[in-house]
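This is the structure I have questions about; it appears just below.
The values are calculated or read from the model by the stated rules, or taken from the named source; none is laboratory data. Just so you know, these numbers come straight off a predicted model, no measurement behind them. As a convention, Cβ positions derive from the backbone with ideal geometry for all residues, glycine included, and neighbour counts pool all protein chains shown. Protein only, heavy atoms only, side chains kept; ligands, DNA and RNA dropped before computing areas. Shrake-Rupley method; radii C 1.70, N 1.55, O 1.52, S 1.80 Å.
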Amino acid sequence: MAPLLRLDRLADAEAREILSAACGSTRWVDRMLARRPFGTTEGLLDAARTEWFSLPEEDWKEAFGHHPMIGDREALRRRFAGTHPFSEREQAGVESSPAEVLDALAEGNRQYFEKFGYIFIVCATGLSAGEMLTRLRARLTNEPAAEIRRAAAEHARITELRLRTST
């Protein structure tokens, strides 16, 4: 018999903390807590995806607001202390980037926010700053309805990675 999933064994407050670090949507966290026990990692990930994609856009945008802008290292340390270890690891490709790439990321982030009203969300794990910049620029051409779905899909990938690391 496989051992119980760690998240299933925790008290609600501890489980809420882990889930909140994985995804900043309050409604998603509440729904996930209500679905415990998950039994297996696959059960947890299936529930996470199902609940995420059943949320309205406002909840997605709430979760997006819990991420620092790609390349904004100061905000990462200052404002996002609770998810800093995740974000720092996810954005490792930014660390040694040339200043011109970081400046272009900052400008692209500004344009993206201006166009869509939320920050650029990308599963940055394993990507260089240049690759992130290329993706940002390509997604700036999307229509808002398509982009919100793309951002939600990227966020789902981020959440899955975070859940796999925490549970």
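Of the numbered conditions (1) assigned to a loop (DSSP other than H, G, I, E, B); (2) open to solvent by less than 20 Å² (accessible area, probe 1.4 Å), residue 125 satisfies every one except a single condition; which is it?
(2)
Also, quick follow-up: When you go through (1) at pLDDT 95 or above; (2) closer than 19 Å to residue 66 by Cβ; (3) among the basic types (Lys, Arg) one by one for residue 164, which number turns out not to apply?
(1)
Sticking with this one: Regarding residue 63, is this residue closer than 25 Å to residue 139 by Cα, at pLDDT 95 or above, in a helix (DSSP H, G or I) and open to solvent by less than 60 Å² (accessible area, probe 1.4 Å)?
Considered against the rule, which asks whether it is closer than 25 Å to residue 139 by Cα, at pLDDT 95 or above, in a helix (DSSP H, G or I) and open to solvent by less than 60 Å² (accessible area, probe 1.4 Å), residue 63 comes out as yes.
Something else: Could you say which residue among 114, 95 is farther than 22 Å from residue 166 by Cα, at pLDDT 90 or above and surrounded by fewer than 14 Cβ atoms within 10 Å (Cβ to Cβ)?
One residue alone meets the criteria, 114.
Quickly run through segment 141-156 and pick out the residues that are touching a residue at least 24 places away in the same chain (Cβ under 8 Å) and either surrounded by 15 or more Cβ atoms within 10 Å (Cβ to Cβ) or among the polar types (S, T, N, Q) (or both).
Going residue by residue through segment 141-156, those that are touching a residue at least 24 places away in the same chain (Cβ under 8 Å) are 144, 147-148, 151-152, 154-156.
Matches in segment 141-156: 147, 148, 151, 152, 154, 155, 156.
Restricting attention to segment 21-42, does a residue exist that is open to solvent by 40 Å² or more (accessible area, probe 1.4 Å), under 14 Å from the mean Cα position of the chain (by Cα) and closer than 14 Å to residue 156 by Cα?
No, every residue in segment 21-42 fails to be open to solvent by 40 Å² or more (accessible area, probe 1.4 Å), under 14 Å from the mean Cα position of the chain (by Cα) and closer than 14 Å to residue 156 by Cα.
Of the conditions (1) surrounded by fewer than 18 Cβ atoms within 10 Å (Cβ to Cβ); (2) at pLDDT 90 or above, residue 79 fails just one. Which one is it?
Among (1) surrounded by fewer than 18 Cβ atoms within 10 Å (Cβ to Cβ); (2) at pLDDT 90 or above, the lone unmet condition for residue 79 is (2).
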